[in-house]
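Single-structure report; data block below.
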Amino acid sequence: MKRIVVTGAAGQVGSEMVEALRQRYGVDAVLSTDIREPGDSGSLGPFRTLDVTDPGAVAEVVRGHSADCVYHLAAILSARGEKDPQQAWAVNMGGLYHVLEVARQEGCAVFTPSSIAAFGPTTPPDPTPQDTIQRPNTMYGVTKVAGELLSDYYHQRYGVDARGVRYPGLISYVTPPGGGTTDFAVQIFYDAVAHGRYTCFLGPETQLDMMYMPDAIRGSIELMEVSPERLVHRNAFNMTAMQVTPESLAAAIREHIPDFTIDYDVDPVRQAIADSWPRRIDDGAARDEWGWKPEYDLASMTADMIAQLQARG
Ligand SMILES: NC(=O)c1ccc[n+]([C@@H]2O[C@H](COP(=O)([O-])OP(=O)(O)OC[C@H]3O[C@@H](n4cnc5c(N)ncnc54)[C@H](O)[C@@H]3O)[C@@H](O)[C@H]2O)c1
(Lines give C-alpha, C1' and ligand atoms only; values in the text may rest on other atoms or scores of the structure.)
Protein backbone atom coordinates (compact mmCIF):
# COMPACT_ATOMS: atom_id res chain seq x y z
CA MET A 1 0.00 0.00 0.00
CA LYS A 2 1.30 3.41 -0.93
CA ARG A 3 0.84 6.41 1.42
CA ILE A 4 1.37 9.69 -0.39
CA VAL A 5 1.64 13.36 0.62
CA VAL A 6 1.16 15.93 -2.16
CA THR A 7 2.46 19.48 -1.59
CA GLY A 8 1.21 22.40 -3.68
CA ALA A 9 -1.92 20.32 -4.27
CA ALA A 10 -4.20 23.29 -5.01
CA GLY A 11 -2.17 24.25 -8.09
CA GLN A 12 -2.51 23.54 -11.81
CA VAL A 13 -0.68 20.20 -11.60
CA GLY A 14 -1.56 19.28 -8.01
CA SER A 15 -5.33 19.45 -8.39
CA GLU A 16 -5.22 16.83 -11.17
CA MET A 17 -2.35 14.82 -9.65
CA VAL A 18 -4.29 14.31 -6.40
CA GLU A 19 -7.33 13.09 -8.32
CA ALA A 20 -5.25 10.59 -10.35
CA LEU A 21 -3.32 9.34 -7.30
CA ARG A 22 -6.56 8.84 -5.35
CA GLN A 23 -8.06 6.84 -8.20
CA ARG A 24 -4.98 4.64 -8.22
CA TYR A 25 -4.14 4.24 -4.52
CA GLY A 26 -7.38 5.12 -2.72
CA VAL A 27 -8.78 8.41 -1.39
CA ASP A 28 -7.43 8.15 2.16
CA ALA A 29 -3.94 7.05 1.05
CA VAL A 30 -3.33 10.48 -0.51
CA LEU A 31 -3.03 13.52 1.76
CA SER A 32 -3.45 16.75 -0.19
CA THR A 33 -1.65 19.84 1.22
CA ASP A 34 -1.13 23.45 0.18
CA ILE A 35 -0.55 26.85 1.77
CA ARG A 36 -4.07 27.76 0.52
CA GLU A 37 -7.37 25.89 0.43
CA PRO A 38 -8.07 24.11 -2.88
CA GLY A 39 -10.76 25.80 -5.01
CA ASP A 40 -13.84 24.16 -6.52
CA SER A 41 -11.61 21.83 -8.51
CA GLY A 42 -10.12 20.38 -5.30
CA SER A 43 -11.15 16.75 -4.96
CA LEU A 44 -12.93 15.43 -1.88
CA GLY A 45 -10.54 13.73 0.51
CA PRO A 46 -8.07 14.52 3.27
CA PHE A 47 -6.52 18.02 3.09
CA ARG A 48 -4.08 19.83 5.43
CA THR A 49 -2.80 23.38 5.23
CA LEU A 50 1.00 23.18 4.88
CA ASP A 51 3.65 25.84 4.26
CA VAL A 52 6.65 23.99 2.84
CA THR A 53 9.06 26.66 4.08
CA ASP A 54 8.30 25.44 7.64
CA PRO A 55 10.56 22.40 8.25
CA GLY A 56 8.77 21.30 11.42
CA ALA A 57 5.38 21.35 9.72
CA VAL A 58 6.70 19.41 6.69
CA ALA A 59 8.15 16.71 8.95
CA GLU A 60 5.02 16.52 11.08
CA VAL A 61 2.70 16.13 8.07
CA VAL A 62 4.85 13.46 6.38
CA ARG A 63 5.28 11.48 9.63
CA GLY A 64 1.65 11.95 10.69
CA HIS A 65 0.45 10.45 7.41
CA SER A 66 3.06 7.63 7.58
CA ALA A 67 3.93 8.60 4.02
CA ASP A 68 6.25 6.51 1.87
CA CYS A 69 6.17 8.96 -1.02
CA VAL A 70 5.95 12.75 -1.45
CA TYR A 71 4.82 14.39 -4.68
CA HIS A 72 6.43 17.76 -4.06
CA LEU A 73 4.61 20.26 -6.30
CA ALA A 74 4.68 23.46 -4.19
CA ALA A 75 6.62 26.13 -6.07
CA ILE A 76 6.72 29.72 -7.30
CA LEU A 77 6.72 29.66 -11.12
CA SER A 78 8.81 31.65 -13.62
CA ALA A 79 6.94 34.93 -14.13
CA ARG A 80 5.87 35.18 -10.47
CA GLY A 81 9.43 34.30 -9.45
CA GLU A 82 10.81 37.28 -11.36
CA LYS A 83 8.42 39.56 -9.42
CA ASP A 84 9.68 38.24 -6.09
CA PRO A 85 12.94 36.29 -6.51
CA GLN A 86 13.53 36.11 -2.74
CA GLN A 87 10.22 34.33 -2.18
CA ALA A 88 10.89 32.04 -5.17
CA TRP A 89 14.20 30.97 -3.58
CA ALA A 90 12.61 30.49 -0.15
CA VAL A 91 9.75 28.32 -1.43
CA ASN A 92 11.51 26.43 -4.21
CA MET A 93 14.81 25.69 -2.46
CA GLY A 94 13.64 25.75 1.17
CA GLY A 95 10.61 23.59 0.43
CA LEU A 96 12.59 20.99 -1.50
CA TYR A 97 15.32 20.84 1.13
CA HIS A 98 12.80 20.26 3.94
CA VAL A 99 11.03 17.55 1.91
CA LEU A 100 14.31 15.78 1.08
CA GLU A 101 15.42 15.95 4.72
CA VAL A 102 12.26 14.28 6.02
CA ALA A 103 12.45 11.78 3.12
CA ARG A 104 15.99 10.91 4.23
CA GLN A 105 14.85 10.38 7.81
CA GLU A 106 11.64 8.47 7.00
CA GLY A 107 12.74 6.54 3.90
CA CYS A 108 10.24 8.20 1.54
CA ALA A 109 10.44 8.43 -2.23
CA VAL A 110 10.22 11.96 -3.65
CA PHE A 111 8.86 13.19 -6.99
CA THR A 112 9.86 16.77 -7.89
CA PRO A 113 9.12 18.43 -11.21
CA SER A 114 11.88 20.46 -12.77
CA SER A 115 11.16 22.46 -15.91
CA ILE A 116 12.39 23.53 -19.35
CA ALA A 117 13.26 26.68 -17.34
CA ALA A 118 16.28 24.74 -16.01
CA PHE A 119 17.88 25.56 -19.38
CA GLY A 120 19.16 28.97 -20.45
CA PRO A 121 20.40 31.06 -23.35
CA THR A 122 23.63 29.08 -23.78
CA THR A 123 21.84 25.70 -23.91
CA PRO A 124 21.60 24.16 -27.41
CA PRO A 125 17.96 25.05 -28.20
CA ASP A 126 16.93 22.56 -30.91
CA PRO A 127 17.19 19.80 -29.97
CA THR A 128 18.12 20.24 -26.30
CA PRO A 129 19.87 17.04 -25.14
CA GLN A 130 19.11 15.34 -21.81
CA ASP A 131 22.57 16.18 -20.49
CA THR A 132 23.73 19.61 -21.58
CA ILE A 133 24.62 23.18 -20.53
CA GLN A 134 22.28 24.52 -17.82
CA ARG A 135 22.94 28.21 -17.09
CA PRO A 136 19.42 29.71 -16.71
CA ASN A 137 19.02 33.44 -16.07
CA THR A 138 15.77 33.46 -14.07
CA MET A 139 15.49 32.82 -10.32
CA TYR A 140 12.95 30.07 -11.12
CA GLY A 141 15.48 28.41 -13.44
CA VAL A 142 18.26 28.73 -10.89
CA THR A 143 16.11 26.97 -8.27
CA LYS A 144 15.16 24.25 -10.77
CA VAL A 145 18.79 23.41 -11.66
CA ALA A 146 19.81 23.51 -8.00
CA GLY A 147 16.78 21.34 -7.15
CA GLU A 148 17.80 18.73 -9.73
CA LEU A 149 21.31 18.62 -8.27
CA LEU A 150 20.10 18.52 -4.66
CA SER A 151 17.71 15.66 -5.44
CA ASP A 152 20.49 13.69 -7.17
CA TYR A 153 22.73 14.38 -4.16
CA TYR A 154 20.17 12.96 -1.72
CA HIS A 155 19.88 9.89 -3.93
CA GLN A 156 23.64 9.33 -4.22
CA ARG A 157 24.55 10.26 -0.65
CA TYR A 158 21.57 8.93 1.32
CA GLY A 159 19.79 6.54 -1.04
CA VAL A 160 16.62 8.66 -1.16
CA ASP A 161 14.51 7.43 -4.09
CA ALA A 162 14.28 10.90 -5.64
CA ARG A 163 12.99 11.14 -9.22
CA GLY A 164 11.91 14.03 -11.42
CA VAL A 165 11.02 15.30 -14.86
CA ARG A 166 11.52 18.56 -16.69
CA TYR A 167 7.96 19.46 -17.59
CA PRO A 168 7.40 21.65 -20.64
CA GLY A 169 4.49 24.13 -20.63
CA LEU A 170 1.42 22.29 -19.36
CA ILE A 171 -2.02 22.83 -20.90
CA SER A 172 -5.12 22.01 -18.85
CA TYR A 173 -8.73 23.05 -18.26
CA VAL A 174 -9.29 22.07 -14.59
CA THR A 175 -7.24 24.64 -12.63
CA PRO A 176 -5.80 27.90 -14.02
CA PRO A 177 -2.00 28.13 -14.28
CA GLY A 178 -0.07 29.84 -11.50
CA GLY A 179 2.08 32.52 -13.14
CA GLY A 180 4.39 30.81 -15.64
CA THR A 181 5.63 31.97 -19.04
CA THR A 182 3.63 29.31 -20.90
CA ASP A 183 0.28 30.41 -19.35
CA PHE A 184 -0.68 31.90 -22.75
CA ALA A 185 -1.11 28.37 -24.12
CA VAL A 186 -3.92 27.81 -21.59
CA GLN A 187 -5.51 31.27 -21.66
CA ILE A 188 -5.77 31.18 -25.46
CA PHE A 189 -8.31 28.32 -25.18
CA TYR A 190 -10.42 30.06 -22.51
CA ASP A 191 -10.53 33.28 -24.57
CA ALA A 192 -11.17 31.43 -27.84
CA VAL A 193 -14.22 29.70 -26.38
CA ALA A 194 -15.51 32.74 -24.44
CA HIS A 195 -14.71 35.62 -26.85
CA GLY A 196 -13.39 34.19 -30.15
CA ARG A 197 -10.19 36.21 -29.82
CA TYR A 198 -7.00 36.37 -27.76
CA THR A 199 -4.22 38.90 -27.18
CA CYS A 200 -0.95 37.04 -26.69
CA PHE A 201 1.91 38.26 -24.49
CA LEU A 202 4.53 36.33 -26.53
CA GLY A 203 5.39 36.97 -30.19
CA PRO A 204 3.79 34.83 -32.95
CA GLU A 205 6.83 32.63 -33.73
CA THR A 206 7.96 31.90 -30.15
CA GLN A 207 8.34 28.10 -30.17
CA LEU A 208 8.21 26.14 -26.91
CA ASP A 209 7.63 22.55 -25.82
CA MET A 210 4.15 21.78 -24.47
CA MET A 211 2.18 18.86 -23.08
CA TYR A 212 -1.48 18.13 -22.28
CA MET A 213 -2.03 17.63 -18.55
CA PRO A 214 -3.37 14.04 -18.76
CA ASP A 215 -0.04 13.00 -20.33
CA ALA A 216 1.96 14.89 -17.67
CA ILE A 217 0.06 13.23 -14.81
CA ARG A 218 0.17 9.72 -16.29
CA GLY A 219 3.86 10.04 -17.19
CA SER A 220 4.84 11.30 -13.74
CA ILE A 221 3.10 8.40 -11.98
CA GLU A 222 4.66 5.95 -14.46
CA LEU A 223 8.12 7.31 -13.63
CA MET A 224 7.49 6.86 -9.90
CA GLU A 225 6.34 3.26 -10.46
CA VAL A 226 9.11 2.04 -12.74
CA SER A 227 11.67 -0.32 -11.25
CA PRO A 228 14.68 1.75 -10.02
CA GLU A 229 17.29 -0.39 -11.77
CA ARG A 230 15.93 0.81 -15.14
CA LEU A 231 16.86 4.41 -14.34
CA VAL A 232 20.22 5.80 -15.41
CA HIS A 233 19.09 9.41 -14.97
CA ARG A 234 16.91 10.50 -12.07
CA ASN A 235 16.65 14.29 -11.76
CA ALA A 236 15.40 15.21 -14.13
CA PHE A 237 14.13 13.65 -17.37
CA ASN A 238 13.34 15.84 -20.38
CA MET A 239 9.66 15.22 -21.14
CA THR A 240 7.67 16.68 -24.02
CA ALA A 241 4.77 15.99 -26.36
CA MET A 242 4.73 18.78 -28.97
CA GLN A 243 6.36 22.02 -30.08
CA VAL A 244 3.97 24.96 -30.28
CA THR A 245 4.02 28.62 -31.33
CA PRO A 246 1.17 31.07 -30.69
CA GLU A 247 0.52 30.98 -34.46
CA SER A 248 0.35 27.17 -34.65
CA LEU A 249 -1.95 27.08 -31.62
CA ALA A 250 -4.21 29.68 -33.22
CA ALA A 251 -4.31 27.64 -36.45
CA ALA A 252 -5.26 24.48 -34.52
CA ILE A 253 -8.03 26.39 -32.72
CA ARG A 254 -9.37 27.71 -36.06
CA GLU A 255 -10.06 24.09 -37.08
CA HIS A 256 -12.84 24.23 -34.44
CA ILE A 257 -13.60 27.96 -34.16
CA PRO A 258 -13.03 29.28 -37.73
CA ASP A 259 -13.51 32.98 -36.82
CA PHE A 260 -10.94 32.89 -34.01
CA THR A 261 -8.48 35.79 -34.15
CA ILE A 262 -5.20 36.41 -32.32
CA ASP A 263 -3.25 39.63 -31.86
CA TYR A 264 -0.08 40.44 -29.96
CA ASP A 265 0.89 42.74 -27.09
CA VAL A 266 4.34 41.40 -26.22
CA ASP A 267 5.43 41.52 -22.57
CA PRO A 268 9.23 42.03 -22.68
CA VAL A 269 9.83 40.21 -19.38
CA ARG A 270 8.03 37.01 -20.37
CA GLN A 271 9.31 37.20 -23.98
CA ALA A 272 12.90 37.36 -22.67
CA ILE A 273 12.23 34.32 -20.46
CA ALA A 274 10.70 32.36 -23.35
CA ASP A 275 13.59 33.31 -25.65
CA SER A 276 16.06 31.85 -23.14
CA TRP A 277 14.31 28.44 -23.19
CA PRO A 278 14.68 25.56 -25.69
CA ARG A 279 12.66 25.33 -28.90
CA ARG A 280 12.58 21.53 -28.73
CA ILE A 281 13.86 19.23 -26.01
CA ASP A 282 15.01 15.69 -26.71
CA ASP A 283 13.12 13.30 -24.40
CA GLY A 284 14.85 10.15 -25.67
CA ALA A 285 16.20 9.25 -22.19
CA ALA A 286 12.65 9.21 -20.73
CA ARG A 287 11.46 7.09 -23.65
CA ASP A 288 14.37 4.63 -23.33
CA GLU A 289 14.61 4.35 -19.54
CA TRP A 290 10.96 4.27 -18.45
CA GLY A 291 8.91 4.01 -21.62
CA TRP A 292 7.60 7.60 -21.77
CA LYS A 293 5.24 8.19 -24.70
CA PRO A 294 2.69 11.02 -25.03
CA GLU A 295 -0.86 10.23 -26.12
CA TYR A 296 -1.91 13.74 -27.16
CA ASP A 297 -0.57 15.82 -30.05
CA LEU A 298 -1.56 19.40 -30.93
CA ALA A 299 -4.68 18.38 -32.85
CA SER A 300 -6.08 15.90 -30.31
CA MET A 301 -5.26 18.18 -27.36
CA THR A 302 -6.94 21.16 -29.04
CA ALA A 303 -10.08 19.13 -29.80
CA ASP A 304 -10.32 17.94 -26.19
CA MET A 305 -9.58 21.36 -24.59
CA ILE A 306 -12.27 23.07 -26.68
CA ALA A 307 -14.83 20.31 -26.09
CA GLN A 308 -14.20 20.40 -22.32
CA LEU A 309 -14.43 24.20 -22.08
CA GLN A 310 -17.54 24.36 -24.28
CA ALA A 311 -19.24 21.64 -22.20
CA ARG A 312 -18.53 23.70 -19.08
CA GLY A 313 -20.37 26.62 -20.68
N1 LIG B 1 2.44 24.30 -15.00
C2 LIG B 1 3.49 24.22 -15.80
O3 LIG B 1 3.38 24.55 -17.00
C4 LIG B 1 4.81 23.71 -15.27
C5 LIG B 1 5.88 23.57 -16.17
C6 LIG B 1 7.10 23.13 -15.70
C7 LIG B 1 7.25 22.76 -14.37
N8 LIG B 1 6.19 22.90 -13.51
C9 LIG B 1 6.41 22.53 -12.11
O10 LIG B 1 5.34 21.71 -11.64
C11 LIG B 1 5.14 21.96 -10.24
C12 LIG B 1 3.69 22.36 -10.01
O13 LIG B 1 3.43 23.55 -10.74
P14 LIG B 1 1.96 24.12 -10.97
O15 LIG B 1 1.85 24.49 -12.39
O16 LIG B 1 0.94 23.24 -10.37
O17 LIG B 1 2.09 25.50 -10.15
P18 LIG B 1 0.93 26.34 -9.44
O19 LIG B 1 1.48 27.71 -9.23
O20 LIG B 1 -0.35 26.18 -10.17
O21 LIG B 1 0.80 25.57 -8.05
C22 LIG B 1 1.80 25.65 -7.07
C23 LIG B 1 1.12 25.54 -5.73
O24 LIG B 1 2.11 25.74 -4.71
C25 LIG B 1 1.47 26.41 -3.65
N26 LIG B 1 2.46 27.09 -2.81
C27 LIG B 1 3.11 28.25 -3.01
N28 LIG B 1 3.88 28.54 -1.96
C29 LIG B 1 3.73 27.54 -1.06
C30 LIG B 1 4.27 27.27 0.23
N31 LIG B 1 5.14 28.12 0.83
N32 LIG B 1 3.89 26.12 0.85
C33 LIG B 1 3.02 25.27 0.27
N34 LIG B 1 2.45 25.48 -0.94
C35 LIG B 1 2.83 26.61 -1.60
C36 LIG B 1 0.52 27.41 -4.31
O37 LIG B 1 -0.51 27.79 -3.42
C38 LIG B 1 0.02 26.60 -5.51
O39 LIG B 1 -1.22 25.98 -5.24
C40 LIG B 1 6.14 23.06 -9.85
O41 LIG B 1 7.31 22.47 -9.33
C42 LIG B 1 6.46 23.71 -11.18
O43 LIG B 1 7.71 24.33 -11.16
C44 LIG B 1 4.97 23.36 -13.94
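The values are calculated or read from the model by the stated rules, or taken from the named source; none is laboratory data. Small disclaimer: the values here were computed from a predicted structure and weren't measured. When we count neighbours, we look across all protein chains shown, and the Cβ atoms used for this are built from the backbone with ideal geometry, even at glycine. Areas reflect the complete protein model, heavy atoms only, side chains present, ligands, DNA and RNA absent. Shrake-Rupley method; radii C 1.70, N 1.55, O 1.52, S 1.80 Å.
Computed log10 I(q)/I(0) for segment 1-97 at 0.12, 0.18, 0.23 Å⁻¹: -0.35, -0.77, -1.17, from the Debye equation with unit scatterers placed on every C-alpha and solvent omitted. Beta bridges from DSSP with both residues in the chain: antiparallel share about 10 percent, rounded to the nearest 5. Taking a ≥ b ≥ c as the square roots of the eigenvalues of the Cα gyration tensor, segment 243-282 is oblate, since a/c reaches 1.5 or more and a/b is not larger than b/c. Shape descriptor for the chain: Rg over Rh equals 0.95 (Cα atoms; Rh from the Kirkwood inverse mean 1/r). Across segment 122-192, counting alpha-carbon atoms alone, Rg and Dmax equal 15.6, 50 Å. The long axis of helix 213-225 is offset from the longest Cα principal axis of the chain by roughly 30 degrees. Largest GNM mean-square fluctuation across 92, 238, 137, computed for the chain with C-alpha springs under 10 Å, falls on 137. Can you give the % of DSSP beta bridges in segment 155-313 that are antiparallel, to the nearest 5? Antiparallel bridges make up about 25 percent of those DSSP assigns within segment 155-313.
One way to sum up the overall shape of segment 1-41 is the equivalent ellipsoid from its Cα gyration tensor, whose semi-axes run 17, 10, 8 Å, largest first. The helix-only estimate of mean residue ellipticity at 222 nm for the chain, built from DSSP H runs of length n ≥ 4 each weighted as -39500 (n - 2.57), is -12500 deg cm²/dmol after division by the residue total. Each 10 Å bin from zero up to the one holding the largest Cα-Cα distance in segment 233-313 carries the following percent of pairs: 14, 33, 34, 17, 1. When the scattering of segment 168-236 is computed by the Debye formula from its Cα atoms alone, each counted once and equally, what is log10 I(q)/I(0) at q = 0.12, 0.17 Å⁻¹? Calculated log10 I(q)/I(0) at the listed q: -0.44, -0.74. Looking at the chain, the accessible area is 41 square angstrom per residue; that uses a 1.4 Å probe and ignores ligands, DNA and RNA.
Of the trypsin sites (Lys or Arg not before Pro) in segment 1-71, the ones in a loop by DSSP (not H, G, I, E or B) with at most 14 other beta carbons within 10 Å are 36. Here the accessible area of the chain is 50 percent carbon and sulfur, with a 1.4 angstrom probe and all protein chains present. Note on segment 164-279: Cα Rg divided by 2.2 N^0.38 Å, N the number of residues, gives 1.18.
Neighbours of residue 217, meaning other residues whose beta-carbon lies under 11 angstrom from its beta-carbon, give a summed charge of -2 when Lys and Arg score +1 and Asp and Glu score -1.
Going by the alpha-carbon gyration tensor, a ≥ b ≥ c the square roots of its eigenvalues, is segment 32-179 rounded (a/c under 1.5) or, if a/c is not under 1.5, prolate (a/b greater than b/c) versus oblate? Oblate is the answer for segment 32-179, as a/c is 1.5 or above yet b/c matches or exceeds a/b.
Hey, which aspartates and glutamates would be in cross-link range of residue 144, C-alpha to C-alpha under 15 Å, not counting anything within fewer than 8 residues on its own chain? Filter leaves 82, 131, 152. Once you order the gyration tensor axes a ≥ b ≥ c over the Cα atoms, which shape class does segment 15-69 get: rounded for a/c under 1.5, otherwise prolate or oblate by comparing a/b with b/c? Oblate shape, in that a/c is at least 1.5 and b/c is the bigger or equal ratio.
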